[in-house]
Amino acid sequence: MNLILFTRSTVASHTIKDIRQLGEVIRTTRKKQKITQEALATFAGLHRNSVARIERGEVDAQLTTLIKITELLKLSVILQSEVNE
C-alpha cells in the first residue's frame with residue numbers, strides 16, 4: 001500500500017513507501033511553511049519530541065495524527081493499494 005501526499009498549493013506529489021519518506025515530506029513541508037515542530041505538535045496534540053521522531057521516521061504515526069498533521073500542512077492524502085497481476 002502506498003501513501004500519496006499532494007501539496008494543495010502546487011501540483012507536486014510524493015509517493016510514500018515507508019515511514020522515513022513520510023517523515024522527510026512532513027519535515028520539508030513544515031520548514032517551507034515556516035511552521036515549528038512545537039506549533040505542529042500543539043496542533044496535533046503531541047509532544048514536540050513525538051513530531052521529531054515522526055519526521056526522522058523512527059515511529060509510525062497513527063492515522064488520526066497523520067490527518068491532523070496533513071491538515072495543518074495543507075497536504076492531501078490518498079491511499080493507493082498496489083494490485084498484483
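Derivation of every value follows stated rules applied to the coordinates shown; laboratory data play no part. The structure displayed is predicted, hence computed values, not measured ones. Please note: Cβ atoms are built from the backbone with ideal geometry, for glycine as well, and neighbour counts cover all protein chains shown.
Quick look at the values:
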item	result
Residue-span extension gain [His47 to Lys34] - 0.36 nm each, minus C-alpha spacing	2.8 nm
Packing-based ranking, highest mean first, of 65-73, 30-38, 42-50 given that Cβ atoms within 10 Å are counted	65-73, 42-50, 30-38
Theoretical FRET efficiency, 1/(1+(r/R0)^6), r = Cβ-Cβ of Leu72 and Ile19, R0 22 Å, to 0.05	0.70
3J(HN,Hα) from dihedral phi, the stretch 59-74, Karplus parametrisation 6.51/-1.76/1.60, rounded to Hz, x for glycine, proline	9, 9, 5, 5, 4, 5, 5, 4, 4, 4, 4, 5, 5, 5, 7, 6
